[in-house]
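The next block holds one structure in the form of structure tokens; read it before the comments.
The values are calculated or read from the model by the stated rules, or taken from the named source; none is laboratory data. None of the values given here were measured: they were computed from a predicted structure. Using ideal geometry, Cβ is built from the backbone for each residue, glycine included, and neighbour counts are taken over all protein chains shown. Protein only, heavy atoms only, side chains kept; ligands, DNA and RNA dropped before computing areas. Shrake-Rupley method; radii C 1.70, N 1.55, O 1.52, S 1.80 Å.
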Amino acid sequence: LMIPVESAKAQPATPNPQTPIDNLQWRCDSVQSTIRRLHTTDGLLRVNIGQVYNDISFQLMAKLNGRLAVNRVDSAKLVEITNEFESGREEFSEAYNDYEESVASLLKLNCQKNTAEYYAQLMVARDMRQKLAVSVEELNDTVVDYQVAVEQLKEQIRLENHNKTSEPNEEGKE
């Protein structure tokens with residue numbers, strides 16, 4: 001039996017990182033590359049999501065609320081939800097700016113030379129990204145609340161119109 005020489009050679013030792021910092025130092029180039037790609041895609045996502053939120057605010061909520069006000073339809077619930085959405089948009093913008101600053105700071109660090117500092121900043125960026133995700137989730141929930149309120153208002157208007165058309169008029173009464 002002959003065993004090929006290649007299979008008998010010792011394989012290079014792969015480190016068994018004991019801490020997240022050890023793991024980071026071992027995978028530094030890969031992590032930095034991933035962070036750079038993430039930073040680029042997040043910037044594009046921010047623009048797209050921000051535009052969608054602007055459209056929802058200006059093209060949907062503001063216009064519908066305005067039309068309801070002109071037609072003297074009680075839309076207090078929709079106005080309340082719109083105000084909540086506007087506050088959420090401000091929080092989203094602030095959360096994104098905080099996240100962006102944390103990633104920009106991270107990209108300036110060298111994870112090989114300052115691994116502990118890089119790791120600490122990475123954790124800050126992760127926390128800021130989580131805060132941003134919560135902000136997006138809250139805005140999306142607010143949009144759903146607005147949609148539900150619109151459906152309720154439509155049903156209320158439909159019932160009021162139905163009741164008006166089914167009431168006998170003065171001429172029909174004796």
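Tally up the residues in segment 118-151 that are open to solvent by 70 Å² or more (accessible area, probe 1.4 Å) and touching a helix residue (DSSP H, G or I) at 6+ places or on another chain (Cβ under 6 Å), please.
Number of matching residues: 4.
Is it true that some residue in segment 152-168 is under 30 Å from Leu38 (Cα atoms), modelled with pLDDT of 95 or more, open to solvent by 100 Å² or more (accessible area, probe 1.4 Å) and in a helix (DSSP H, G or I)?
There is no residue in segment 152-168 that is under 30 Å from Leu38 (Cα atoms), modelled with pLDDT of 95 or more, open to solvent by 100 Å² or more (accessible area, probe 1.4 Å) and in a helix (DSSP H, G or I).
Considering only segment 78-95, state which residues are small (Gly, Ala, Ser) and touching a residue at least 12 places away in the same chain (Cβ under 8 Å).
Gly88, Ser93, Ala95
Which residues, taken from segment 43-79, are open to solvent by 50 Å² or more (accessible area, probe 1.4 Å) and not in a helix (DSSP H, G or I)?
Correct list: Asn71, Arg72, Asp74.
Considering only residues that are in contact with a helix residue (DSSP H, G or I) (Cβ under 8 Å, 6 or more places away or on another chain) and not in a helix (DSSP H, G or I), look in segment 80-117 and name the one that is most open to solvent (accessible area, probe 1.4 Å).
Gln112
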